[in-house]
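> Here you go, one structure.
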Amino acid sequence: MEQSFMPYIGSFLWMSLLLLVSTWLRAKVSLFQQFLFPSAIIAGLLGFILMSLGWVGLPVAGTWKGIPHETFTMITTHLFAFGFVGIGLMSGDSGQKGKGKSILKGALWMTFLFLGMLYFQSVIGVGVMLGWEAITGQGLTSAVGFLAGHGFTQGPGQALAIAGGWEKMGLQDCISMGLAFSAVGFFVAALVGVPIANWGIRKGYTTHRSPGLSKEFLAGLEAKSARPPGLFNVTTTSNVDSLSFHLAIMGLVYGLGFGLSYLLRYYIFPKEMWGATFGFLFAWGLVMAILFRKALNACGGRDMIDENTLRRLTGTTVDFMVISVMMAVQVTTLQKYMVPFLIVTLILAVITPAVILYLGRRVGEFGFERSLVMLGYCTGTGASGLLLLRIVDPEFKTTAAVETGLMNLFCLLSLPLLFLIFLMPKYGLGFLLKAELLMGGAMFLIMFVCHKLKYFGPKQY
C-alpha cells in the first residue's frame, strides 16, 4: 500500500506540511511580515533546502525513498496550466462601469510594458551568460539567459514550458535554471516591491490614502470576527457540493485543453513544433476556458459559475505551484551557473523597478498603482502584483487590478513569438536575440510615441 504514495501523493503530503509550517512562521516571524512573504514562498524555500539535503521522501518497504526533482517539475507544469483554466473561466466583469476608456488605456500600457520588459530582461540575461562564457570558457548553456526574462516576467510555468522544449531539442540545464530564475523572482518582488510601496505611501503618490496594514494582514490570518466569505454555493449540497461542481468544470476544460494539444501535435503542427503543443498546455487550456465560458454565457448559464469559487481554486493552484517550483530546482545545476545567475538577478532587480517607475510616472491617473502591480508581474507572477497593489489600494478602488485581467488577454497576441522562442535551438541564439531585441524595441517605441502624444496622460508622481 505504501508504494502507492510515491511519488505524487508523497509530494502532496510534503507540500501540505511545508505550507502549514510556513503559515505559522508568517504569523510569528516579524521579518516575514515586514516583507509580506506569502506562506507559499516560505514553504518553497524550506522545501528547496530539504530537497538539497535529500530529506524529502517517505519510508517505503523498510527503506527511505526520496522524491526526485522531476516529480515537482511535473507537478509545476500541471498546476500552472490548471490555474490558467480557472483564469479563462472567469467572466472578466470589471465592476468599474463608466471607466472603460481609462481601463483600456491602462491595460494597453500594461501590455506594452509587460512584453517590453519580458524581451528586455531576456536580452540582458543572455548577454550576461554569453559574456561570462566568453571570459571563462566554462562550457555553459548560454541560452538559459533568455529564461531570466521568461522566469521573472512570465513565471515558472512559462519558463518551464520553454525550457522543457529546449532540453528535448538538445540543450542542457534549461529546466533547472528556468525554475531558478522564477523562484528568485518571487523574492525580488517582495524585497524590492514592498519598500517601494511603503515609499509611495509616505510620499503621497497613492490615489487613495492607505489606512495602513492591519495586524491580521501582516500575520496572514483573518480575524475570526471579520472573516469574509470565500465563495458562494450555486448547487444544493444535497445534490452535489458546489466546490465539486466547479472543480468538475475546470477538470472538463482542462481535458479540452489536452484534446486541443493532442490535435495540434498529431494532426496540425509539423514534427519540429510538437513541443509547442503539450509544452504550451497552459495556453491551449486558457483558450478552451475562454471559449467554454463564452458558450456557457450564450446558453444562459452565466450564473452557473461563482467567480469567488474560481478565484479560490485558482489561488490554491498558485500556492502549491510556488512550493513545487522551488522544490524542483536542482542545487547542483544552480552551483554551476551561480556567478552569472547572481549577476543577472542583481541587474534585473535594479533595472526592472527603475524602468517601471520611470514609465509609470507618465501613465496618467493611478500611475503609482499601475506601476506597483506591474513591478510584481515583472518580477514574480500576477499574484505578486496583486499583493503589492493591495498595500496601496486595499479595497481595489482603482482600476489597476481590472486592467491586469485585460492585459492578459492582449498578451495572447504574442503567442506566435512564443513558437519562435521554442524553435531557438534549431535556428540559433542570434536568431532569437534579434527577434527579442526587435520586439522589445517595438514595445518601448510604441510607449514612447503614446507618451509623446499624451495618450496615457500627464506625469503623476
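> Let me check against my output: what whole-number percent is the relative contact order of the chain, with C-alpha pairs under 8 Å and at least 6 apart?
Numbers: 648 pairs, mean separation 133.3, N = 461.
Here the relative contact order equals 29 percent.
> Please compute the length gained on full extension between Asn198 and Phe35, using 0.36 nm multiplied by the number of residues separating them and subtracting their Cα-Cα distance.
On the way: separation 163, 0.36 × 163 = 58.68 nm, distance 1.05 nm.
Residue separation times 0.36 nm, minus the Cα-Cα distance, leaves 57.6 nm.
> Follow-up. Quick check on the stretch 265-326: take the gyration tensor over C-alpha atoms, sort the square-rooted eigenvalues as a ≥ b ≥ c, and tell me if it's rounded (a/c under 1.5), prolate or oblate. Before the final figure, lay out the partial values.
On the way: a/c = 5.81, a/b = 1.24, b/c = 4.67.
Since a/c reaches 1.5 but b/c is at least a/b, the shape of the stretch 265-326 is classed as oblate.
> Could you please rank Ser16, Ser384, Ser30, placing first whichever residue has the fewest other Cβ atoms within 10 Å of its Cβ?
Details: Ser16 13, Ser384 27, Ser30 9.
In order of increasing Cβ crowding within 10 Å: Ser30, Ser16, Ser384.
> Now for a different question. At 222 nm, what helix-only mean residue ellipticity would the chain give, in deg cm²/dmol to the nearest 500, using -39500 (n - 2.57) for each DSSP H run of four or more? Each step should come with its number before you reach the end.
Details: 20 runs with 310 residues, N = 461.
Value at 222 nm, helices only, nearest 500: -22000 deg cm²/dmol.
> A further question on this structure: Net charge near Pro229: determine it from the other residues with C-beta under 15 Å of the C-beta of Pro229, scoring Lys and Arg +1 and Asp and Glu -1.
Values: positive: Lys224, Arg227, Arg311, Arg312; negative: Glu222, Asp306, Glu307.
Result for the neighbourhood of Pro229: +1.
> While we're on this one: Just round it to a whole percent: the fraction of Cα-Cα distances in the chain exceeding 35 Å. Don't skip to the answer; put the middle values down first.
Working: 31630 of 106030 pairs.
Here the tail beyond 35 Å accounts for 30 percent of pairs.
> With charges set only on the Cβ (+1 for Lys and Arg, -1 for Asp and Glu), what does the dipole of the chain come to about its Cα centre, in debye to the nearest 20? Intermediate values should be presented prior to the final figure.
On the way: 32 positive and 20 negative charges, 258 e Å.
Taking the Cα centre of the chain as origin, the dipole is about 1240 debye.
> Okay, next question. Calculate one ³J(HN,Hα) per residue across the stretch 26-35 by plugging θ = phi - 60° into the Karplus curve 6.51 cos²θ - 1.76 cosθ + 1.60, and present them in order as whole Hz with x for glycine and proline.
These are the phi-based 3J(HN,Hα) values: 4, 6, 10, 9, 5, 4, 5, 6, 4, 9 Hz.
> Using every alpha carbon pair in the stretch 1-67, what percent of pairs falls into each 5 Å bin from 0 up to the bin containing the largest distance?
4, 18, 23, 20, 14, 10, 6, 4, 1
> If you don't mind, there's one more thing I want to ask. Quick one: what are the phi-derived ³J(HN,Hα) couplings along the stretch 328-335, Karplus 6.51/-1.76/1.60 with θ = phi - 60°, whole Hz, x for glycine and proline?
8, 6, 8, 5, 5, 5, 5, 4
> So for Trp55, Trp109, fewest C-beta neighbours within 10 Å to most, what's the order? It would help to have the intermediate numbers written out before the result.
On the way: Trp55 11, Trp109 28.
Lowest to highest Cβ neighbour count: Trp55, Trp109.
> Under 5 Å between amide hydrogens, which residues at least 5 positions from Lys65 or on another chain qualify, with H placed 1.01 Å from N in the peptide plane?
Leu58, Val60
> For Met6 and Val449, what does the FRET efficiency come to when R0 = 41 Å and r is the distance between their Cβ atoms, rounded to the nearest 0.05? The partial results should precede the final answer.
On the way: r = 57 Å, r/R0 = 1.38.
The calculated FRET efficiency here is 0.15.
> Can you work out the Karplus-derived ³J(HN,Hα) for every residue in the stretch 175-183? Use 6.51 cos²θ - 1.76 cosθ + 1.60 with θ = phi - 60°, whole Hz, and x for glycine or proline.
Coupling constants for the stretch 175-183: 4, 5, 6, x, 5, 5, 4, 5, 5 Hz.
> Going 7 Å from the Cα of Val339 toward and past its Cβ, which residues in the stretch 108-148 have a backbone nitrogen under 11 Å from where you end up?
132-138
Quick note: the coordinates plus some simple rules give every number you see, no bench work behind them. This is a predicted model, so every value here is computed, not measured. So basically every Cβ, Gly included, is an ideal-geometry build from the backbone, and we count neighbours across all protein chains shown.
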